[in-house]
1. Modelling each spin label as a point 7 Å along the Cα-to-Cβ direction, I'd like the residue 45/residue 12 distance in nm, to one decimal.
2. Pop out the ³J(HN,Hα) list for the stretch 51-58 in order, Karplus 6.51 cos²θ - 1.76 cosθ + 1.60 with θ = phi - 60°, rounded to Hz; leave Gly and Pro as x.
3. Label-point separation (nm) for residue 21 and residue 72, each offset 7 Å from Cα along Cα-to-Cβ?
Amino acid sequence: MASAAQIAANRRNALLSTGPRSAEGKAASRFNALKTGIEARSVVIPGEDSAELEQLTNDYHAQFQPAGPAERFLVDSMVNADWQLRRYRKVEAQLWQRMLSSEPGLAPAWESAHPILTRLHRRIDAAERVYRHALRQLQRLQPEGPDQQEDEFLSELASFSTVPTEPAIPAAPAFAVASREPNLALRL
């Protein structure tokens, strides 16, 4: 428990700490503690155009015409996932540009950026999953369904992978080599 002297000292100190006062200072400090998800205060961050987000939102609402809170939530989830994907792809391009422009060589830049790219690809995959899930749920709620064009986009998106996959291991040949052990044959 704080003593009366400590409480008085805290109150005096609080009077000296008022934060930014000018409009420029407030704008600069607005994103000091930028958080994602439920704690985010703004969907648009510096360098992004809020009019572009508004247009994207209007386009999605015009295409799907949500009729009720559940459908609006799903359309808004798709807009948010689309917006995040656009942001992540810009960040990925900037990372690659930075790595490729390094003077001493690519290896040092790649070593420092590799964990960032790995996390970024996980975020891209997660945003794509959210988009596909919201679209499927919306298709279930809307009996007439969205445009055929959106269905084609979803199937294209499902076949696309942002993480490189290893090549398939070729199947073993169909012939067998006899072994000295009874009832054993080795497949090559």
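1. Once both label points are built, they end up 4.1 nm from each other.
2. Calculated HN-Hα couplings, in order: 5, 5, 5, 4, 5, 4, 4, 4 Hz.
3. 4.2 nm
Any read-out appearing in this document is the output of simple, stated calculations on the displayed coordinates, not a laboratory observation. Small disclaimer: the values here were computed from a predicted structure and weren't measured. Note that we place each Cβ from the backbone using ideal geometry, even for glycine, and neighbour counts take in every protein chain shown.
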